[in-house]
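Input: a single structure, listed below in structure tokens.
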Amino acid sequence: MKKLQYERPVLQLLNSGTMNKYGTKTEYAPFTHIDGASVHDLTEKFGSPLFVISEKKIRSNFKDANRSFKTRYPKVQFAWSYKTNYLNAVCNVFHQEGSWAEVVSGFEYSKALNNGVPGSKIIFNGPDKTDEDLRTAILNNSPIHIDHLDELYMLQEISEETGQRPKVAIRVNMDTGIYPMWDRFGFNYENGQAWDAINKIMLNDKLDLVGLHCHIGTFMLATNAYSIAAAKLSDLAINIKYKYKKNIQYIDMGGGFPSRNTLKGSYLLGVDTVPTIDQFAEAICTSILNAGFLEEELPLLILETGRALIDDAGFLIGSVISNKRLSDGRRAVIMDFGVNIMFTSFWYDHKITPAQEFSDFTEDMVVYGPLCMNIDVIREHVTLPLLKRNDKVVVHTVGAYNMSQWMQFISLRPAVVMIDKKGVPHEIRKRETINSIESEEIVPEYLKTFSLNGIEKRTG
Ligand SMILES: *Cc1c(COP(=O)(O)O)cnc(C)c1O
């Protein structure tokens, strides 16, 4: 008989029972169904890995947030932040709920128009709007949020040339007590740039100043920062009225409310520490209501909330490829999904739960993706039950940014499925194919042939 290869034995503490260091067992209940659809059936039908979106969760998140604001302030409008997740099916759920669109590029603008959003309900943000983008937005009567002086001058030129009067707002950045300050977008409040831009717009009269905008950060944990921002925008609006007799129609507070993910390096879980939307709504609405507007002149309050409305509606199902021992004895599990489709694993400790029954034994392990890249680490250490090849896991709270920032790398990006309110899955983006990737490639004629070891080859 052939001698078996020697393998160094490892002594490893297995934790018995289902407690983690917080004493909860939430991470350790098998997660077998998403909105009534079986995780195993989904992967059989649509492959693994697979992104799954809960329509029910999006709608309930939206309704809760909308209620939080509408019960505190008379005029509220949400605008869906396209870059957070711009799969058309997702956008249309938000539009069905009454959301406008908030876009930050010509590409996103076209997406919103193609989805059927009226131009006047597409808010155009961002520092990179081309001359053509601006002309399209003006023709469609969209509110354009000016980011810098060059854009302001471009708009004034287009207005002079075409005789149209674009609807504009300025984006304002400010000290809200959060550092480092987000001062690269828009005009600064404290140093007078914001007033400078306002004066240029009001005195030249080519542009119709309809709103004031800010977006003070993302995954903001301090509700007080929003009180300060709302107070500063209200102050500008009230003084514009005083100085120019002009009513500002809306104040747009941007996005930035956190989802319930756990930031890397934080000791407590996000679900236990993140403020609720009610708390943000209280901060913002109180601030505007107390600012001194006449009741009939209260501006419309616009919110561009992204991640807080979609993150926990998104799941990623994956399969175990293999287990191994690292040189230091730690257990490592290799999954079939990598950081290229889960960018947020760089910032969050995503909750991962097995999708089938498991034993009581758990072990601290590293979770790797399948890429041939050292950085492909999904969790540096997580306590999970022992998993074997082809076991399924569900990664939670991945609905924001992953499906727009994902990168095609080494293999094909997975399908995305939306589970409707009745529990029926609908494919909303197909798994990529080699053809969908290569359709944009061109091989010059002279590179189409080569010979290897004397055998002539010709491609495509
Ligand atoms: C990204 C972005 C949003 C959405 O931000 P979240 O943090 O996802 O809520 C809203 N407004 C603007 C201008 C943005 O750039």
Inset, instruction - Using a 1.4 angstrom probe on the protein heavy atoms only, line up Ile375, Ile442 by accessible area, largest first. - result: Ile442, Ile375
Inset, instruction - Compute the acute angle (0 to 90°) between the alpha-carbon long axis of helix 277-289 and the principal axis of greatest extent of the alpha-carbon atoms of the chain; round to the nearest 10°. - result: 10 degrees
Inset, instruction - State the antiparallel share, in %, of DSSP beta bridges confined to the chain, rounding to the nearest 5. - result: 50 percent
Inset, instruction - Take the Cα atoms of segment 353-460, build their convex hull, and give its volume per residue in Å³. - result: 208 Å³
Legend entry - Whole-number percent relative contact order across segment 357-405, with pairs defined as alpha carbons under 8 Å at least 6 apart: 34 percent
Inset, instruction - Scan around Leu209 for amide H atoms under 5 Å from its own, H built in the peptide plane at 1.01 Å from N, and keep only partners 5 or more places away or cross-chain. - result: Val168
Inset, instruction - Keeping the other protein chains in place, figure out the carbon and sulfur percent of the accessible area of the chain, with a 1.4 Å probe. - result: 52 percent
Inset, instruction - Show which lysines lie in cross-link reach of Lys3 when reach means a straight Cα distance below 29 angstrom and same-chain residues fewer than eight apart are skipped. - result: Lys324, Lys388
Inset, instruction - Pick out, in residue order, every one of the trypsin sites (Lys or Arg not before Pro) in segment 35-104 that is DSSP loop and has at most 16 other C-beta atoms within 10 Å; say none if there are none. - result: Lys75
Inset, instruction - Would you work out the relative contact order for segment 54-311, in percent, from Cα pairs under 8 angstrom that are 6 or more residues apart? - result: 20 percent
Inset, instruction - Would you please calculate the Kirkwood hydrodynamic radius of the chain over all C-alpha pairs and express it in Å, rounded to one decimal? - result: 24.7 Å
Inset, instruction - Please tell me which of these pairs span more than 31 angstrom C-alpha to C-alpha: Lys111/Lys422; Lys56/Lys241; Lys392/Lys421; Lys111/Lys457? - result: Lys56/Lys241; Lys111/Lys457
Legend entry - DSSP-assigned coil residues among chymotrypsin sites (Phe, Trp or Tyr not before Pro) in segment 186-277, each with at most 15 further Cβ atoms within 10 Å: Tyr267
Legend entry - Relative contact order %, the chain, counting alpha carbon pairs below 8 Å whose residues are six or more apart: 20 percent
Legend entry - Members of Lys167/Lys232; Lys70/Lys243; Lys232/Lys351; Lys57/Lys129; Lys167/Lys245 lying beyond 28 Å, as alpha-carbon distances in this model show: Lys70/Lys243; Lys232/Lys351; Lys57/Lys129
Legend entry - segment 54-311 - Debye-derived log10 I(q)/I(0), Cα point model, q = 0.10, 0.13, 0.14 Å⁻¹: -0.47, -0.81, -0.94
Legend entry - Amide H within-cut-off set for Phe337, under 5 Å, with H built and near neighbours excluded: Ser319
Inset, instruction - Pop out the ³J(HN,Hα) list for segment 386-391 in order, Karplus 6.51 cos²θ - 1.76 cosθ + 1.60 with θ = phi - 60°, rounded to Hz; leave Gly and Pro as x. - result: 5, 10, 10, 3, 6, 4
Legend entry - Long-range HN-HN contacts of Ile123 with modeled amide H, under 5 Å: Ala101, Glu102, Val103
Inset, instruction - Quick one: what are the phi-derived ³J(HN,Hα) couplings along segment 31-46, Karplus 6.51/-1.76/1.60 with θ = phi - 60°, whole Hz, x for glycine and proline? - result: 10, 9, 9, 10, 6, x, 8, 6, 4, 5, 4, 4, 5, 5, 7, 10
Legend entry - Range in the chain, longest, excluding exposed GluC sites (Glu not before Pro) [loop by DSSP; at most 12 other beta-carbon atoms within 10 Å]: 8-189
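The values are calculated or read from the model by the stated rules, or taken from the named source; none is laboratory data. No experiment lies behind these values; they were computed from the predicted model shown. Cβ sites come from the backbone with ideal geometry, for glycine too, and all protein chains shown count toward neighbours. These accessible areas exclude ligands, DNA and RNA; they are computed on the full protein's heavy atoms, side chains included. Shrake-Rupley method; radii C 1.70, N 1.55, O 1.52, S 1.80 Å.
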